[in-house]
Amino acid sequence: MAELRKLGFIATIEENDSLHLAPESSSSEDEAPAGEKVKKKKKSKINSFNQSFSFTDQFDPQSAFNFDHALKFAKRKREPSTLDEKIAKVRKRNKKEKSADDDEDQVNVENSDDEEIEEEESSDEEMTADSIRTKEKKKKKKGKNKKTDFEEEEKELVEFSETIDNYDEKATFQDMNVSRPIMKGLSRMNFAKPTPIQAATIPVALLGRDLCACAVTGSGKTVAFMLPILERLLYRPKNTAVTRVLVLVPTRELAVQVHTVARQLSQFTNVECCLAVGGLDLKAQEAALRLSPDVVIATPGRLIDHLQNSPNFTLRNIEILVLDEADRMLDEYFAEQMKEIIRQSSQTRQTMLFSATMTEEVKDLAAVSLKNPVKIFINQSTDTALSLRQEFVRIRANREGEREAIIAGLVARTFRDHCIVFIQTKKQAHRMHIVLGLLGVNVGELHGNLSQAQRLESLKMFKEGLIDVLLATDLAARGLDIEGVKTVINFTMPNSLKHYVHRVGRTARAGKKGRSVTLVGEQERKMLKEVVKHAKTPLKTRVIPQEVIGKYRDKIAKLELDVKEIEWTEQEEKEMRATENQINKANNLLENPGDQHKRDWFQTHKQRMQEQADLRLGEFSLSKKRNMKKEKKVVTAEDRVNNELLKSELYAARMAKKERKPKKMRAFGEHIDKSKKKKKPKIKKSAFDDELTSTSRTALKKFRAGPSYQERKELGMAAKKPIRGKQSGPNRGKQSGPNRGKQSGPDRGKQSKRR
Ligand SMILES: Nc1ncnc2c1ncn2[C@@H]1O[C@H](COP(=O)(O)OP(=O)(O)OP(=O)(O)O)[C@@H](O)[C@H]1O
């Protein structure tokens, strides 16, 4: 061995060599002092197994699945710095520069953020306040019954076997025979009395009937379907675990919320609820689904993923299927996925559909084939909450570029907290985050360009009041129940009445007051008319003083370079992250070549691509956008607004096109008694029969007048024009005879009818 070492070789261990074993630790730990090392070791021991853990099936209400809990399952990406940190940095720098210019003391600069907001607010308060006018409904001019573009043509509606549009106002949960554990859950949630939709729906749902329910936003539809589900599950056979209930919702955040309500309501029962939504940890969901929980709350995409890839998870035993936001779940965006889910679900199920904008159209509900459904429409699908005050800000044609300034004015002066601003595009929502952030407003954003962790975090912060203004796309328009939202602002008019109803429905919930403020340009007046037509409470017009708009327009213009700087930094970071991800992916592939398990999907790649292409809002938008970029290097405020309006327009155009499409063969109502509707088969009549039986005015006239000059010519008859009153023509023979004279006069028509 010694010789080998002398020659410079590294020797292997011999049997009698004494060994110095190094602890299994990282180099950084080696450098740490001994005491600390021991502490760390102890800590890791505690983490690996919780000593106080005991196996129990008791539900701990404290650990209810909520946004915090969901966040644990959302993968976080390492960000070099958050957007808010970047904004804060620029603001600090600007402040410093300003102070230097003003030749002020540098000491006050360091902690000035909060002070500055207050400064801005107080100076703004001194500015002229907005003026509010009540919007008068225009009286319909007589004889002007022309249908607007939005008014629907005759539609084929679902035949309901029963319709319920009233409810027992005095009904209590006890009257509905709700079991004790659920009553306990209700009282823990402080729900003393059922809301109208709950009073009307729960008894029907408990009977196992299919139903289609419509009630205004914030009226308690979640409990209306969750309570009867849980009540029915209390009596399930308990020997084997089976997934019996599936609740489908359109967005992940809504799924988390419905799951939270389900857990709260079932906290004193042994019903198991599980979440299967995109963006949250797949493996944890797989493990939970393997235990066949009683209720699965899911978004369609992730559910199909589990159906394809999670062993043992099936929908064959589904006894209750609920579609929350049913009109959305059954629209074209989810069409293929819903078809697949329904195909895999048990046929003998109870189906319940809920939405504030519920549709009754056969073509919309065809996919779910309801059985003798009950219609429970507590409100119309165009209704908004009565406690909602709706305001509109008019934008003149040449002032479209002022929308950003108006929003800034609204959130900085008037609606400073608990305010959601809906924006059509993700890009504009992000820009507004930077703009308003630089103006000192405490903002957050929520849209599909964020990671799931960021989405949940934004929502959580807004719920907890850590963010004052949430900038959201339509992702947050449906279903989200955020306590205390005072105001909803629409940057542009939503692209349909449905979208409007859902967006403004984020406030004025559960009987509380709320306000919506919608910016309406000339192009959007048609939609405004629709809103006005369906409004049940007076609408208001808000006029923002031009000096206020001007002030914020100038402020934003001054910030434009800072906005660009932040956008560039973000772009750079994004590119770096993308490269990093690619490297990691490649490394992973090299290290674990066998590990790359490809997940199955129910469509082929080609079908999926085709579906996505069909759902895109048209080539038109892309080419128009490209041209816009080519033509102008500097994107103006007007361009940005036009882009927002264009997206709305494209959506509206697509909807209109869909409406105009000839109705497809009815797929709905395998269970509807069609015999009543079946028309008698039409027996094809000969021209002769037609002539004899027709009682139309033209036919009678023709009968009286006999054949035309042209017909006579064709029949080779006299070329003379028939003389009025003379019974000439093909029926001439029949008309002649002793009664000929009697054929004329008032009875003439009757005679011909009899014939
Ligand atoms: N019986 C009840 N008593 C008091 N509050 C209730 C009751 N039922 C539900 N709520 C409250 O009403 C609010 C709205 O409920 P929920 O989110 O179910 O409304 P929704 O009708 O589904 O609204 P959306 O159409 O926007 O989805 C919630 O905050 C909920 O806690």
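The values are calculated or read from the model by the stated rules, or taken from the named source; none is laboratory data. Predicted, not measured: the structure shown is a model, and the values here were computed from it. Here Cβ is always computed from backbone atoms with ideal geometry, including for glycine, and neighbour counts include all displayed protein chains.
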For ALA199, indicate whether it is within 13 Å of the ligand (Cβ to nearest atom), assigned to a helix (DSSP H, G or I), within 19 Å of ALA262 (Cα to Cα) and not aromatic (Phe, Trp, Tyr). yes
Index of the failed condition, GLU402 passing every other in (1) within 16 Å of the ligand (Cβ to nearest atom); (2) farther than 26 Å from VAL249 by Cα: (1)
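Could you pull out every one of the helices (runs of 4 or more DSSP H) wholly within segment 317-429 that has 1 or more residues that are more than 30 Å from GLU522 (Cβ to Cβ)?
Values: elements: 326-329, 335-344, 362-365, 403-409.
Helices (runs of 4 or more DSSP H) meeting the threshold: 326-329, 335-344, 362-365.
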Is it fair to say THR518 is farther than 23 Å from LYS221 by Cβ, away from the ligand (no atom under 16 Å from the Cβ), hydroxyl-bearing (Ser, Thr, Tyr) and part of a strand (DSSP E or B)? yes
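Which ones in segment 306-329 are more than 16 Å from the ligand (Cβ to nearest atom) and surrounded by 16 or more Cβ atoms within 10 Å (Cβ to Cβ)?
Let us first name the residues in segment 306-329 that are more than 16 Å from the ligand (Cβ to nearest atom), namely 306-321.
Once the filter is applied, which keeps residues that are more than 16 Å from the ligand (Cβ to nearest atom) and surrounded by 16 or more Cβ atoms within 10 Å (Cβ to Cβ), segment 306-329 yields HIS306, LEU307, SER310, PHE313, THR314, LEU315, ILE318, GLU319, ILE320, LEU321.
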Single unsatisfied condition, VAL488 versus (1) part of a loop (DSSP other than H, G, I, E, B); (2) within 16 Å of the ligand (Cβ to nearest atom); (3) within 21 Å of THR414 (Cβ to Cβ); (4) aliphatic (A, V, I, L, M): (1)
Among what's in segment 448-464 and is within 16 Å of the ligand (Cβ to nearest atom) and more than 15 Å from ALA255 (Cα to Cα), pick the residue that is farthest from the chain's Cα centre (by Cα). GLU464
Show the residue pairs that are 6+ apart or on different chains and have beta-carbon atoms under 6 Å apart, the first residue being within segment 186-206 and within 13 Å of ASP175 (Cα to Cα), the second being more than 10 Å from the ligand (Cβ to nearest atom) and among the aromatic types (Phe, Trp, Tyr). ALA199/TYR167; ALA200/TYR167
Inspect segment 525-538 for any residue being within 16 Å of the ligand (Cβ to nearest atom) and either crowded, with 17+ Cβ neighbours inside 10 Å or closer than 28 Å to ALA192 by Cβ (or both) and give the result as yes or no. no
Look at GLN380 and say whether it is closer than 30 Å to MET461 by Cβ and touching a residue at least 40 places away in the same chain (Cβ under 8 Å). no
Working only within segment 469-478, note down all residues that are within 12 Å of the ligand (Cβ to nearest atom) and over 22 Å from ASN642 (Cα atoms). ALA476, ARG478
For segment 456-467, name all the residues that are surrounded by fewer than 24 Cβ atoms within 10 Å (Cβ to Cβ) and either assigned to a helix (DSSP H, G or I) or in contact with a strand residue (DSSP E or B) (Cβ under 7 Å, 6 or more places away or on another chain) (or both). GLU457, LYS460, MET461, LYS463
The one condition ASP281 fails out of (1) more than 16 Å from the ligand (Cβ to nearest atom); (2) crowded, with 24+ Cβ neighbours inside 10 Å is (2)
Given the conditions (1) over 22 Å from ARG478 (Cα atoms); (2) at pLDDT 95 or above, and given that LEU248 satisfies all but one, which numbered condition is not satisfied? (1)
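Could you grab me the full set of residues in segment 311-328 that are touching a residue at least 24 places away in the same chain (Cβ under 8 Å) and of a type in the set (S, T, N, Q)? If you could, list the steps in order and put the result at the bottom.
Here is the first cut: in segment 311-328, the ones touching a residue at least 24 places away in the same chain (Cβ under 8 Å) are 313-328.
Residues satisfying the conditions are THR314, ASN317.
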From the list PRO293, PRO300, exactly one residue is surrounded by 15 or more Cβ atoms within 10 Å (Cβ to Cβ), within 14 Å of the chain's Cα centre (by Cα) and away from the ligand (no atom under 16 Å from the Cβ). Which is it? PRO300
Restricted to segment 341-374, and to residues that are under 20 Å from ILE202 (Cα atoms) and among the small types (Gly, Ala, Ser), which residue is surrounded by the fewest Cβ atoms within 10 Å (Cβ to Cβ)? SER355
I'm told ALA397 meets every condition in (1) modelled with pLDDT under 95; (2) within 16 Å of the ligand (Cβ to nearest atom); (3) in contact with a helix residue (DSSP H, G or I) (Cβ under 7 Å, 6 or more places away or on another chain); (4) not hydroxyl-bearing (Ser, Thr, Tyr) except one. Can you identify the failing condition by its number? (2)
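Yes/no per residue for (1) closer than 24 Å to SER387 by Cα; (2) more than 10 Å from the ligand (Cβ to nearest atom); (3) out of contact with any strand residue (DSSP E or B) (no Cβ under 6 Å at 6 or more places or on another chain); (4) not in a helix (DSSP H, G or I):
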site	(1), (2), (3), (4)
CYS212	no, yes, no, yes
VAL216	yes, no, yes, yes
ILE229	no, yes, no, no
LYS238	no, yes, yes, yes
VAL247	no, yes, no, yes
HIS259	no, yes, no, no
GLN264	no, no, yes, no
Tally time: how many residues in segment 342-363 are over 20 Å from ASP165 (Cβ atoms) and out of contact with any strand residue (DSSP E or B) (no Cβ under 7 Å at 6 or more places or on another chain)? 7
Looking at (1) surrounded by 21 or more Cβ atoms within 10 Å (Cβ to Cβ); (2) in contact (Cβ under 8 Å) with a residue 60 or more places away in the chain; (3) farther than 25 Å from ILE434 by Cα; (4) of a type outside the set (S, T, N, Q), can you tell me which one HIS499 breaks? (2)
With the first residue restricted to segment 329-348 and required to be more than 12 Å from LEU303 (Cα to Cα), and the second required to be of a type in the set (Asp, Glu) and not in a loop (DSSP other than H, G, I, E, B), Cβ contacts under 6 Å at 6 or more apart or on different chains are LEU330/ASP364; GLU336/GLU611
I need the full set of residues from segment 170-194 which are in a loop (DSSP other than H, G, I, E, B) and either within 11 Å of the ligand (Cβ to nearest atom) or under 18 Å from LEU207 (Cβ atoms) (or both), in order please. ALA171, THR172, PHE173, ASN177, VAL178, SER179, MET189, ASN190, PHE191, ALA192, LYS193, PRO194
I'm trying to understand the selection: among the residues of segment 185-218, which are small (Gly, Ala, Ser) and surrounded by fewer than 21 Cβ atoms within 10 Å (Cβ to Cβ)? SER187, ALA192, GLY208
Looking only at residues that are over 15 Å from the mean Cα position of the chain (by Cα) and crowded, with 22+ Cβ neighbours inside 10 Å in segment 245-260, which one is farthest from LEU446 (Cα to Cα)? VAL245
Could you please let me know if ASP481 is modelled with pLDDT of 95 or more, more than 16 Å from the ligand (Cβ to nearest atom) and among the acidic types (Asp, Glu)? no
